[in-house]
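Enquirer: Mind having a look at this structure? Questions to follow.
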């Protein structure tokens, strides 16, 4: 039983900018986990894996063979729908979303993971710095978007700022 | 030794002089020097003392094969021990000291230790463990032995950067063969990375006058330019220190002094090893005298640093490559005498400033004696990768044999010492073509240590292992090379036997009259050269070593003066306020019991299980029956391992017919998620069950205490909180700020409690509202510690604290499903084996002490043996008495019995009682 | 550090994976009588073979449970497939 408050930096802003690297928090008001048979086909139009570039307003992040994280309003209510066979959970508050850009962006990520644009993956899920992230590209393809579990957002930002 | 600079030689920049000191004396070197080359250029002859006998040591080799010159170096406030002089580049202002020598390397007061060498021979430590007593010697030996000492100051900025890299072809070693291989591979379109451990690549090529009609320096530059022009990378000052699984090579990139090396985890499709070969010492009496050094080392000092190690040199060598090296040294101005060790035994002797050599009646004084007993290919990385070695009689060396996957050795590392042949091999390796077969011109005469010879013949210079020590080890039956190594410390110096091992193995082979390859080699392990531990740590330090999960409301808690602590991987409020912890916690308990406590329970697991088979699936993973749970109801239950042991406890809410919420332990959500996923996919139909972990999407705020209903009713959640409408163990959906809220009436405190979960981003507003309303009722925030006290008053367990690796549900008083549940469930069969049903099971009980608070972990003792222990112990502010929980053998049938509690040397008495000591009828719970 | 192939995500670093057990363990039907011996064997008997082994691993980020065939001596990965038949 010990007061460790001083050993841990209080939460602060996640964003920062340097010559090589910019980290900016992004607000994505709707993020919905959708599981079910054939869910990847259902969202095939906007399905994003690695190293795909998300260039539309709404898109579906491929997580597993039966799961996506839909960014945007999917028009489905939470819970299990026996008709469609889909399980739906609102996850907007579960992640904080960060855009990493600048000439050093890929190298910054390589500090935390064995990562290559030449090695594609059907899933955007990946362990970086020991943290489970959703990682894909946005914009001109030089920027990366990261969804991190809310409780680890500070640790991720600290790793990237390092 | 009279080392000095020679004009027109070396790669150093003579326009940039650098100043430094060694053992207090001032010297000058040049940019491009190592500490070793600069010291030799200044005529310094003794650079260190040996580890055990404090024998004076001069430089042996010019690069990483030197284990003699180890220095402590200080510069600009950075103080680093154990810097190898031969691989530490000189910088202006360095303050260097010899290690293990005082006051200086040249005059060491402990040099007298050498007189005791008779008693400090092989196996000294092991023998004194047996007789008379190691502890008699230990303090003195610890004082005298060892190398540098760690600096007092902490190097705050000594942080190793770590990065992952990848390439098609990694070429290790930037000598001629490596450069040619890298260039050919790059020009063939491969993604190539060449690493070389020196700042200027080229290996030993600078010892030659020219190559391909160019100066070596021009030629090397042309190669590196061509590699880079073809898209390849050239990493200088980068050591490949280890080969790991699946083509992973550890690279350590060194920068300026005082900076931690950078770790590159390089994943290579193919590895071309071109690390070269090392010069081998010759074993003869007094061969450790300063001034006796490697022939190739001397040549390298001249070629790279323009340092001639002496004016009058003896060259003692047994192979065909020595002639050219000796000639080059002669052409650079040295007086050379060739001595053929085959003409008769030689022995060194030493005067104050010179080194002498005797052979038969011939005796002469030299500045330095340059020896070369043949070349040893560097096969370290080859062995790390699992490659085999094969003995070559012609070269008297172990060469790379059967290759590991995706690796090839070329050039001197492959025993190909002829340059043209090495370059042909390099070109073939670059494209994966079969290696050209050619005869070697290299010829070496047999020259291994001769057992039984007179005089002290050094095998391992740093660790003071002599030929006699190896003979002693053989006599005492430490004949396996791995035993030999540990018994004598042969090859355990900081160079890990790069110079010593071959002679040591050959000596053992000769002593036992076995062929050398039969004796074998010790295991080659990473790292190839010493690397600081910091290399492996990198950014995983302090707050990033094991980052804690942070609450959505951490800022609010800090604002309320919370003391934060780690609980199950989360940083959570332990208590609030700045007073003494015990008093604060007691006050929080009294507030919560008196009016209400406001508690942040956000880390509670919130795993949604959905789908047509969700009910059957949960019925299988839970000990308790799930199918009887109706929507809107909550049930407390256990998850067991297949071994029947309690894995997790928590509540399960049914939100709909095919929708459940698993509220597992706060510390356990990640583990439970993986546990559920594994069983979902193995043995169930994963198309009919979906598991979403939404733990971090929600914040959970708990209001507990007699005023809880009044407080939550005042928050506009759209829920009827009346006791009749919202009974204990019920679940109700609500609305908070336009979004879903989930309220569970469950209790960990034993008082009326509501757990309100809202989207994490809306938690701050709810917390503010609860504080405002709560305080008007006299409620206050409470931390984890107060909650822990209250749950212990009720006899509620914390998994892993009040249970151990053998606890089954019936040990906790939950025996029903074990007999009544008819469907299969995880761990079911294990609850009926002999151990589970037998006597003596450790069962959960309360412990009533009469003599004050018991120590957590104290044993319940009977006749000197333990029959259980205290798992939780507090001073209960509610009861005004100490309370405790424990696991005690057959405890549930022994209530009322007084037992002895032993903690360290203290004994106390306690009475076994029911775990719940507060409101056992549950009136407050159901209020 | 090894590289394992998740059937869904592709090649990933071994730090993303968790060993789940040897392939071929079948849970006895515990609604019928199961002898101590059979249950103990299910819980504790491991083949622990030298050479080619077939194991069940989980790729933690995507939670896929799959069959990994590898060589326990050379550490070579020989192949992987989803635990469920018929998946790609």
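Taken together, the values in this text are just the output of simple stated rules run on the coordinates, not laboratory data. As the structure is a computational prediction, the values presented were derived from the model and not from experiment. A quick note on method: Cβ atoms are made from the backbone with ideal geometry, for glycine too, and the neighbour counts reach across all protein chains shown.
Enquirer: Can you bin every Cα-Cα distance in chain C into 10 Å intervals starting at zero and give me the percent of pairs per bin, rounded to whole numbers?
Expert: It works out to 16, 43, 28, 12, 1, in whole percents.
Enquirer: A further question on this structure: Kindly give Rg over Rh for chain A, based on alpha-carbon atoms, with the Kirkwood expression for the hydrodynamic radius. Intermediate values should be presented prior to the final figure.
Expert: Values: Rg = 16.7 Å, Rh = 16.6 Å.
Answer for chain A: 1.00.
Enquirer: What ranking do A:97-108, B:237-248, B:717-728 get when scored by the average of other Cβ atoms within 10 Å per residue, highest first?
Expert: Averaged packing, sorted descending, gives the order B:237-248, A:97-108, B:717-728.
Enquirer: Apply the a/c threshold of 1.5 to the C-alpha gyration tensor of the stretch B:513-647 and tell me whether it is rounded, prolate or oblate.
Expert: oblate
Enquirer: Count the DSSP beta bridges whose two residues both fall in chain B, then state the antiparallel fraction as a percent rounded to the nearest 5.
Expert: Of all bridge pairs located within chain B, approximately 75 percent are antiparallel.
Enquirer: Take peptides B:521-534, B:743-756 and line them up by average Cβ neighbours within 10 Å, highest first, as a rough protection proxy.
Expert: With the highest mean Cβ count within 10 Å placed first, the list reads B:743-756, B:521-534.
Enquirer: Let me know the mean shielding of A:62-75 by other chains, meaning the per-residue number of their Cβ atoms within 10 Å of its Cβ.
Expert: Mean partner-chain Cβ count within 10 Å for A:62-75: 3.
Enquirer: Suppose we keep just the alpha-carbon trace of the stretch B:1-111; what are its Rg and Dmax in angstrom?
Expert: 13.2, 41
Enquirer: Another question, if that's okay. What is the order of B:389, B:661, fewest Cβ neighbours within 10 Å to most?
Expert: Lowest count first: B:389, B:661.
Enquirer: For a test of the definition: using alpha carbon positions, the gyration tensor, and the 1.5 limit on a/c, classify the stretch B:208-296 as rounded, prolate or oblate.
Expert: The shape class here is oblate.
Enquirer: Just to verify a number: FRET efficiency for residue B:21 and residue B:152, C-beta to C-beta distance, R0 = 25 Å, to 0.05?
Expert: Values: r = 20 Å, r/R0 = 0.80.
Working from the Cβ atoms, E equals 0.80.
Enquirer: Now a separate question. Please order C:32, B:514 by the number of other Cβ within 10 Å, starting at the fewest.
Expert: By the 10 Å Cβ count, ascending: C:32, B:514.
Enquirer: Further, regarding this structure: Give me the inter-chain shielding for B:533-542: mean count of other chain Cβ atoms within 10 Å, whole number please.
Expert: Mean inter-chain Cβ contacts per residue within 10 Å come to 2.
Enquirer: Rule-of-thumb check for chain B: C-alpha Rg over 2.2 N^0.38 Å?
Expert: 1.26
Enquirer: Quick one: Debye curve from the C-alpha atoms of the stretch B:283-381, no solvent, what's log10 I(q)/I(0) at q = 0.21 Å⁻¹?
Expert: So the normalised log intensities are -1.07.
Enquirer: Using every Cα-Cα pair within the stretch B:160-210, state what percent have a distance larger than 14 Å. Walk me through the numbers on the way to the answer.
Expert: Details: 722 of 1275 pairs.
I get 57 percent for the Cα pairs in the stretch B:160-210 exceeding 14 Å.
Enquirer: Ok, one more. When the helix-only estimate is applied to chain B (DSSP H runs of n ≥ 4, each -39,500 (n - 2.57), divided by the residue count), what is the mean residue ellipticity at 222 nm, nearest 500 deg cm²/dmol?
Expert: Working: 23 runs with 208 residues, N = 927.
Helices in chain B give a 222 nm mean residue ellipticity of -6500 deg cm²/dmol.
Enquirer: Additional query: Please give the per residue volume of the convex hull enclosing the alpha carbon atoms of the stretch B:722-871, rounded to a whole number of Å³.
Expert: Details: hull volume 30.1 nm³, N = 150.
Convex hull volume per residue, Cα atoms: 201 Å³.
Enquirer: Taking a ≥ b ≥ c as the square roots of the eigenvalues of the Cα gyration tensor of the stretch A:1-47, is the shape rounded (a/c under 1.5), prolate (a/b larger than b/c) or oblate?
Expert: Judged from the Cα gyration tensor, the stretch A:1-47 comes out oblate (a/c at least 1.5, b/c at or above a/b).
Enquirer: Highest mean first, what order results for B:467-480, B:15-28 on Cβ atoms within 10 Å? Mind dumping the intermediate values first?
Expert: Values: B:467-480: 19.4, B:15-28: 14.9.
In descending order of packing, they fall as B:467-480, B:15-28.
Enquirer: Could you grab the relative contact order for chain C? Cα pairs under 8 Å, six or more apart, rounded to a whole percent.
Expert: Across chain C, relative contact order equals 28 percent.
Enquirer: Separate question: Just how many % of Cα pairs in the stretch A:1-88 lie over 19 Å apart, if you round to the nearest whole percent?
Expert: Every Cα pair in the stretch A:1-88 considered, those over 19 Å come to 55 percent.
Enquirer: Using C-alpha positions alone, give me the convex hull volume of the stretch A:68-123 per residue in cubic angstrom.
Expert: Enclosed volume per residue, from the Cα hull, is 134 Å³.
Enquirer: Antiparallel as a % of all DSSP beta bridges within the protein assembly as shown, to the nearest 5?
Expert: Working: 197 of 242 bridges.
For the protein assembly as shown, the DSSP antiparallel bridge percentage is about 80.
Enquirer: When you look at the Cβ of every residue in A:124-130, what mean number of other chain Cβ atoms sits within 10 Å?
Expert: Counting Cβ atoms of other protein chains within 10 Å of each residue's Cβ and averaging gives 5.
Enquirer: How fast does the stretch B:335-456 diffuse by Stokes-Einstein, in µm²/s, taking the Kirkwood radius from C-alpha pairs at 25 °C and 0.890 mPa s?
Expert: On the way: Rh = 17.4 Å.
Approximately 141 µm²/s, per Stokes-Einstein.
Enquirer: Could you work out how far helix B:784-793 tilts from the main Cα principal axis of chain B, as a 0 to 90 degree angle to the nearest 10?
Expert: 50
Enquirer: Follow-up question, since we're still on this one. Restricting to the stretch A:20-118, compute how many DSSP beta bridges are antiparallel as a %, nearest 5. Walk me through the intermediate numbers first.
Expert: Details: 22 of 24 bridges.
For the stretch A:20-118, the DSSP antiparallel bridge percentage is about 90.
Enquirer: Below 8 Å, C-alpha to C-alpha, sequence gap of six or more: please give me the relative contact order for the stretch B:287-414 in percent.
Expert: 24
Enquirer: Continuing with this model, one more query. Sort B:540, C:59 by Cβ crowding within 10 Å, fewest neighbours at the top. Kindly include the intermediate steps, with their values, before the conclusion.
Expert: Details: B:540 15, C:59 26.
Ascending Cβ contact count within 10 Å gives the list B:540, C:59.
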